[in-house]
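Inspection log for the structure reproduced underneath, given as structure tokens.
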Amino acid sequence: GGCGGGGECGSGSGGGGGGGSRRGQGIDEEFSSISLQPSSNLCLKCQAPAKCNPRGELLCWPCLSKSLNRGIRNQFSRARCSSPQERFLVAFSGGAHSLALALLLRQCLQDLRGRKFEVHLAHVDQTDACGMSEEEGKEFISKVEDLASRTGFSLSVLKLPDMTSGVLRKKLREFEEKPTLLSTGEMTATKWEDLLARKRMEVLCDFASTNGHTRLALGDSATRLATHVIAETAKGRSINSRRLKLTSSIKHQGRSISLVRPGCDFLSEEIFFFLHVEQVSPVSFPLRLFWQSSRWSSSSLNSLSRRFILTLQADKKGSVHTILRTVQKLECSQEEETVEDVEGEMGEAVGQEEDVSRTRSLLCEICNESKASVKRPKDGSKVCKTCFFHVFEDEIHKTIIEGNLFRRGEKVCVAASGGKDSTVLAEVMTTLNRRHDYGLQLFLLSIDEGIAGYRDDSLETVKRNQVQYDLPLKILSYQDLYGWSMDSIVSHIGRKGNCTFCGVFRRQALDRGASILEADKIVTGHNADDIAETVLLNILRGDVPRLQRCTQISTGMDGNLPRSKPFKHAYEKEIVMYAHFKKLDYFSTECIYSPNAYRGFAREFLKDLERADPTTVLNIIRSGEMVSARETFRMPSQGKCERCGYISSQRLCKACLLLDDLDAKRKAAMIAYET
């Protein structure tokens, strides 16, 4: 239902968390990969053939339907909203989520019997704004009305203001003619989707307030709410757990309107299965509309976030609820949500004459003398090589000064792997130390993980860097420190989970090497892309402690060996361009074990986001910087490992626990071999 009833978490071409799922060929995008074929397993509750497994629990169709119905009743009981005085307005798009909500409310009313409450449906008509003809619009609304009649509730069709519809038609036509990304500050696909979602909510709140409705019910599922979390993070906004709760409130024209999300614990797959049991199909929205086309959706952060969540949930059951549990542990804004009046923004957008194809000057935008040969991914500016080198180095210098990363006379270890990041870090640190007289003693520190065909070759690059930058070099190996190489570890445990061992051992090895060199600090080549990936990963894993500190430019300032990230705001693409144009000597082969890393999920998603909007990388970091744990959430306290003395929140550090596990597996393998 692309013309959704309008829910706040449904920003995007999906028509709104008020229920509207974006549909193309008669089936929601969310459910296109779900199989409805019966399985050979039996239902956990009635032993009938199980036909679905949305949460990893095998249930038959009737038991799943009963489970959803029972869940809705429990949600209403929790929200204390089943009294006869309640008057519900349900945001109804005709899509899967809003349709399932209306049908479940009907069943809930039947089960409650004497305790009746009033339910009314409201559909926000966006057919005009979406470019549909009058006949097509009438046909679509007729389908929505037919579905509403099946629920047994009355329906009101609400219109968007004429000006809003006119502006949207104009902008969407422009986007169809020139689908190239607009520059920062102009209307992108994401901004238009968000504006439209806010306008839908404003229309619904107007109607609820005028007609005396006590609650506005939205069709947000757990899947939609998790999508909202990821999309808001990509936009650089604070992750507000208020929007993810069963009940919340929103301010509109001085009045507080109560919101309720009865389906907030359900997965989108469960909603689809329920509709299959009920033998009812949501309304389809014509796929030919360009705002549902691949050109539009590929440039929308909302659509990209939705696809990412669906892929993740399909691959790793429980991912959706892990994300929501993570957010519930975070502090949320104490301010009540508001529905902003977007007419001003719409009107301003109409008056703007956006020149998408700006003058393509061949000269550098900084010096206006040399030919521009580099387009910066960060801001799209076109500069010559010389100016690019200077502006890149100046930005790193600014990061160092503003972050107060170093003091004169300190010994600083540069973590060197031979890759592009560490090689550029060594180049820039050497250059800035000389140019700005930091007074630092720089060393190269490299860790040999013991990966044949990869690390041995990259170490040769590090040795050449030692000569090129005239810096002392220290190399430590896993074999010397732990008695294991990564090749031997993988031979015992396989390729699944090997990055966990490598990451833990490498971090401790760097600290040990820095202690041997009597260094004061360690600098690493973690760039903005790396940090943004880590923010996403920690949200997906539910790791609140790491989520709080992963965006810090310096860590370990509380007495441990401090680590700093001078490249915190430097894009990976710009680091690659700097190394390329400077003709630096670096090793570019990827680790042979990394393709199986869980981080790959976040990396691919971040690349998609960056293609849609280059500012997304820094936006995610900005969102991560806003994170703080609730006071009720107990953070682990740092201590010392009883065995090796390394920092740990447990009796034994993670490295010692992993080594114990490896030793146990080696002994078991030896016993099995002898017998």
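The values are calculated or read from the model by the stated rules, or taken from the named source; none is laboratory data. Because the structure is predicted, anything quoted here is derived from the model rather than measured. Don't worry about glycine lacking a Cβ; one is built from the backbone with ideal geometry, like all the others, and counts go over all protein chains shown. Only protein heavy atoms, including side chains, enter the accessible area calculation; ligands, DNA and RNA are left aside. Shrake-Rupley method; radii C 1.70, N 1.55, O 1.52, S 1.80 Å.
Would you mind checking region 590-630 for residues with the amide N under 13 Å from a putative spin-label position 7 Å along Cα→C-beta of ASP457?
Answer for this model: 590-593.
Relative to a virtual label point 7 Å from the Cα of ASP437 in the Cα→beta-carbon direction, which members of region 385-409 show backbone nitrogen distances below 14 Å?
Answer for region 385-409: 408-409.
Rank these residues by their accessible area, most exposed first, probe 1.4 Å: ASP206, ASP421.
In descending accessible area the options line up as ASP206, ASP421.
Pairs LYS474/LYS665; LYS583/LYS607; LYS316/LYS654; LYS378/LYS654; LYS398/LYS573; LYS191/LYS385: which exceed 29 Å Cα-Cα?
Checking Cα-Cα distances, LYS474/LYS665; LYS378/LYS654; LYS191/LYS385 exceed 29 Å.
Amide H of SER628: which non-local residues (sequence gap of 5 or more, or other chain) have their own amide H closer than 5 Å, using H built in the peptide plane?
For SER628, whose amide H was placed from the backbone, the distant partners under 5 Å are GLU331.
Across region 216-232, in residue order, what do the Karplus-derived ³J(HN,Hα) couplings come to in whole Hz, using 6.51 cos²θ - 1.76 cosθ + 1.60 with θ = phi - 60° and x for Gly and Pro?
Each residue of region 216-232 in turn: 10, 8, 10, x, 5, 8, 4, 5, 5, 5, 5, 4, 4, 4, 5, 5, 5 Hz.
Considering only protein heavy atoms, with the full assembly of protein chains and a 1.4 angstrom probe, order GLU631, GLU460 by accessible area, largest first.
GLU631, GLU460
Label region 492-645 by shape, choosing from rounded, prolate and oblate, from the square roots a ≥ b ≥ c of the eigenvalues of the Cα gyration tensor; if a/c is under 1.5 it is rounded, and otherwise prolate applies when a/b is larger than b/c, oblate when it is not.
rounded
From the square roots a ≥ b ≥ c of the eigenvalues of the alpha-carbon gyration tensor of region 353-473, which class results: rounded (a/c under 1.5), prolate (a/b over b/c), or oblate?
prolate
Could you work out the local net charge near LEU547, counting Lys and Arg as +1, Asp and Glu as -1, over the other residues with Cβ closer than 10 Å to its Cβ?
Combined, the nearby Lys, Arg, Asp and Glu give +3.
To make sure I understand the rule: partners must be lysines, Cα under 16 Å from the Cα of LYS138, and not fewer than 8 residues away in the same chain. Which ones qualify?
Of all the lysines, those that pass the test against LYS138 - Cα under 16 Å, at least 8 places apart if same chain - are LYS159.
Taking square-rooted eigenvalues a ≥ b ≥ c of the alpha carbon gyration tensor, is region 589-628 rounded, prolate or oblate, where a/c under 1.5 means rounded and, failing that, a/b exceeding b/c means prolate?
Since a/c reaches 1.5 but b/c is at least a/b, the shape of region 589-628 is classed as oblate.
Using 7 Å Cα-to-Cβ label points, what is the SER588/LYS398 separation (nm, one decimal)?
Modelled inter-label distance: 2.9 nm.
Check SER156: other-chain or 5+ apart residues with amide H under 5 Å from its amide H, H built from backbone geometry?
LEU121, ALA122, HIS123
What are the trypsin sites (Lys or Arg not before Pro) within region 463-503 that DSSP puts in a loop, where the Cβ has at most 13 other Cβ atoms within 10 Å?
ARG495, LYS496
Subtract the Cα-Cα distance of ARG307 and THR555 from 0.36 nm times their separation in residues, and report this length gain in nm to one decimal.
Using 0.36 nm per residue and subtracting the Cα-Cα distance, I get 85.9 nm.
So what's the net charge close to ILE239: Lys and Arg +1, Asp and Glu -1, counting the other residues with Cβ under 11 Å from its Cβ?
Once positives and negatives cancel, what remains is +3.
What do you reckon, how do VAL467, VAL157, VAL391 stack up by accessible area (1.4 Å probe), largest on top?
Order by accessible area, largest first: VAL467, VAL157, VAL391.
Name the long-range amide H neighbours of SER477: under 5 Å, sequence gap of 5 or more, or other chain; modelled H, no Pro or chain starts.
ASP448
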